[in-house]
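**Student:** My questions all concern the structure below.
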Amino acid sequence: MKKKLDLTQLRDLRKRHRLNQSDFWSRFGVTQSGGSRYESGRAVPKPLALLIHFWHSGKIADDDLALAAKALGWPRRKAPAK
């Protein structure tokens, strides 16, 4: 079981996944500049916090996020190859 996500450590989470801000935040429909603000301590909206938590805990995958982004018409960048 994974530890509960502490949203005050978003930068550390992103770096553990070895992603830059644009690649990390775009999967959640957030711009790089918006993600930077959240990483600097700005309050994260509850729906976004839940989405990040579910992704971090493995309840949703990158493919799920990509399908949702497509359904919503988000201009989502392609996830980097692993």
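None of the figures in this text is laboratory data; all of them are computed from the coordinates on show. All values reported here derive from a predicted model rather than from experimental measurement. Cβ sites come from the backbone with ideal geometry, for glycine too, and all protein chains shown count toward neighbours.
**Student:** Using θ = phi - 60° and the Karplus relation 6.51 cos²θ - 1.76 cosθ + 1.60, list the HN-Hα couplings for the range 12-27 in order, rounded to whole Hz, with x at every Gly or Pro.
**Tutor:** 5, 4, 4, 5, 4, 8, 6, 10, 7, 4, 4, 5, 5, 6, 5, 5
**Student:** Also, quick follow-up: With labels modelled as points extended 7 Å from the Cα through the Cβ direction, what inter-label distance (nm, one decimal) is found for residue 37 paired with residue 8?
**Tutor:** Reported label-point gap for residue 37 and residue 8 is 2.1 nm.
**Student:** If you don't mind, another one. Quick one: length gained pulling residue 19 to residue 46 fully straight, 0.36 nm per residue minus the C-alpha distance?
**Tutor:** 7.5 nm
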